[in-house]
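The values are calculated or read from the model by the stated rules, or taken from the named source; none is laboratory data. Worth saying up front: this structure is predicted, and the values here are computed from it rather than measured. Neighbour counts are summed over all protein chains in view; Cβ atoms, including those assigned to glycine, are modelled from backbone coordinates with ideal geometry. Ligands, DNA and RNA are excluded from the accessible area calculation, which covers all protein heavy atoms including side chains. Shrake-Rupley method; radii C 1.70, N 1.55, O 1.52, S 1.80 Å.
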Amino acid sequence: MLRIENVSVSFGGKAALDRLALEIAAGEVVSVLGPSGSGKSTLLRVVAGLQPPDSGRVLLDGEDLVSVPAHRRGIGLVFQDHALFHHRDVWGNVGFGLRMRGDSRQEIERRARYCLDLVGLAGYERRSILTLSGGEQQRVALARALAPEPRVLLLDEPLGSLDRRLRDRLLEDLAKIFDELRVTALHVTHDRAEAFALGDRVAVMRAGRIVQVGTPDELWARPADEDTARFLGLNVRDGTAVRPEAITVRPVAPDQGGDGVVRRAVRQGPTVKLEIELNSGETLEAVVAALAHPAPGDRVQIEVDEHGVSELSVEGPKALHGFDR
Ligand SMILES: Nc1ncnc2c1ncn2[C@@H]1O[C@H](COP(=O)(O)OP(=O)(O)OP(=O)(O)O)[C@@H](O)[C@H]1O
Ligand SMILES: [Mg+2]
């Protein structure tokens, strides 16, 4: 188990991490989801041993890591920019950690082959890194990180530089690999879809703190506060979060009034996102599945399913649990 205890880090008097606390169980993948500048990379650097905390501790299976140097922590790293060795081929990269710790030739062979297979790159052993696509490079980075069987895997926006289709495929592959290996992993991203796809639990981060932790379904059903609700893509209305899929939208004749007008309709695969301007001037987002959906300019009537509404805490990030309806 990885336990991050009240870790603080400041740069020039400004807090990047502010008494941050988080626990990751053995075999669990936790995704930290936060906006740019919220301290995600700093958090991973502290866990990896690349950034000493001003205060607080990081414990791995009960052992305080603070005095353990980075290369002895048993931590695997995958970063957005790969950081692969460009002068070595795929095999040289994947076997690197194993050679560094003096594994036998046979063991390196076995382990490197297993990991290349795992990421779908069997047969790529002798390819130069420079000839690989971005997605392939990211798979090599993953194989290299997994090869020494790290106790914890850290991933910093691992799919950030890839195009959407490739991201979606790699996301699925990553989730399968994590399942199969029962990896303990801490993954950070600013992308909701990525966090929801990879994390057994998702920790929402803001301004150097974790403000809410839960499964993707828990967060979606009950975001703790307004900022979190908005960041996740929920509507905020009168101190409540309203889920876009809980809103039924019916077209009405132009002379019948209705509750508002559709401003935008964007297909997102199987569903369509509607941006509705209510008569009050408020904007509401609804998600509908019908092929015959209202179009921009249509006047509509809306109905909100009460099960799709949850109270928000007005006290902000500190009140994590006191919002039962
Ligand atoms: N070495 C450093 N020196 C000074 N300030 C730093 C340093 N590293 C990070 N910071 C500051 O700490 C804050 C958090 O940075 P961090 O890189 O952890 O954010 P992030 O959540 O990873 O953002 P992004 O999503 O853009 O990668 C930022 O305000 C950043 O400018
Ligand atoms: Mg970052």
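Quickly estimate the mean residue ellipticity at 222 nm for the chain, helices only: each DSSP H run with n ≥ 4 gives -39500 (n - 2.57), and the total goes over all residues, rounded to 500.
Mean residue ellipticity, 222 nm, calculated: -7500 deg cm²/dmol.
Note down the relative contact order for the chain as a percent, whole number, built from C-alpha pairs under 8 angstrom at least six residues apart.
18
Could you give me D for the chain, from Stokes-Einstein at 37 °C and 0.692 mPa s, where the hydrodynamic radius is the Kirkwood radius over C-alpha pairs? Units µm² s⁻¹, please.
Translational D for this selection: 150 µm²/s.
Using the alpha carbons of segment 228-311, what is the convex hull volume per residue in cubic angstrom, as a whole number?
Cα convex hull per residue, to the nearest whole number: 93 Å³.
Aspartates and glutamates within cross-link reach of K14: Cα-Cα under 20 Å, excluding same-chain residues under 8 positions apart?
Hits, sequence-local ones excluded: E5, D54.
Taking 7 Å along the Cα-to-C-beta vector as the label spot, tell me the D305-Q256 distance in nanometres, rounded to one decimal.
With each label placed 7 Å out from Cα toward Cβ, I get 2.2 nm.
Expressed in nm², what is the orientationally averaged projection area of the convex hull enclosing the Cα positions of segment 1-64?
The orientation-averaged projected area of the Cα hull of segment 1-64 comes to 4.3 nm².
For the Cα atoms of the chain, what angle does the longest principal axis make with the long axis of helix 134-146, in degrees from 0 to 90, nearest 10?
Approximately 60 degrees, to the nearest ten.
Per residue of segment 15-29, in order, report the coupling 6.51 cos²θ - 1.76 cosθ + 1.60 (Karplus, θ = phi - 60°) as ³J(HN,Hα) in whole Hz, putting x for Gly and Pro.
6, 8, 10, 10, 6, 7, 10, 6, 10, 10, 6, 4, x, 9, 10
Going highest first, how would you order 260-273, 111-124, 182-195 by mean Cβ packing within 10 Å?
182-195, 111-124, 260-273
How large is ³J(HN,Hα), in whole Hz, for each residue of segment 172-180 in order, when computed from phi with the Karplus curve 6.51 cos²θ - 1.76 cosθ + 1.60 and θ = phi - 60°, using x for Gly and Pro?
4, 4, 4, 4, 5, 4, 4, 4, 5
Write down the accessible area per residue of the chain in Å², having rolled a 1.4 Å probe over the full set of protein chains.
About 50 Å² of surface per residue is accessible.
Once the Cβ-Cβ distance between S10 and T131 is put in as r, and R0 is 56 Å, what FRET efficiency do you end up with, to the nearest 0.05?
So the FRET efficiency works out to roughly 0.85.
Hey, what do the phi angles of segment 291-300 turn into as Karplus ³J(HN,Hα) couplings, whole Hz, using 6.51/-1.76/1.60 and θ = phi - 60°, x for Gly and Pro?
Once θ is set to phi - 60°, the couplings for segment 291-300 become 5, 8, 9, x, 10, x, x, 5, 7, 9 Hz.
With each label point set 7 Å from Cα along the Cα-Cβ vector, what nm distance links R151 and F85?
Distance between label points: 2.5 nm.
Tally up the carbon and sulfur contribution to the accessible surface of segment 1-64 as a whole percent, 1.4 Å probe, everything protein left in place.
Carbon and sulfur: 48 percent of the exposed surface of segment 1-64.
Which length gain, in nm to one decimal place, applies between R57 and L181 when the Cα-Cα distance is subtracted from 0.36 nm times their residue separation?
That works out to 41.9 nm of additional length.
Can you send over the carbon and sulfur percentage of the accessible area for segment 228-311, probe radius 1.4 Å, protein chains only?
47
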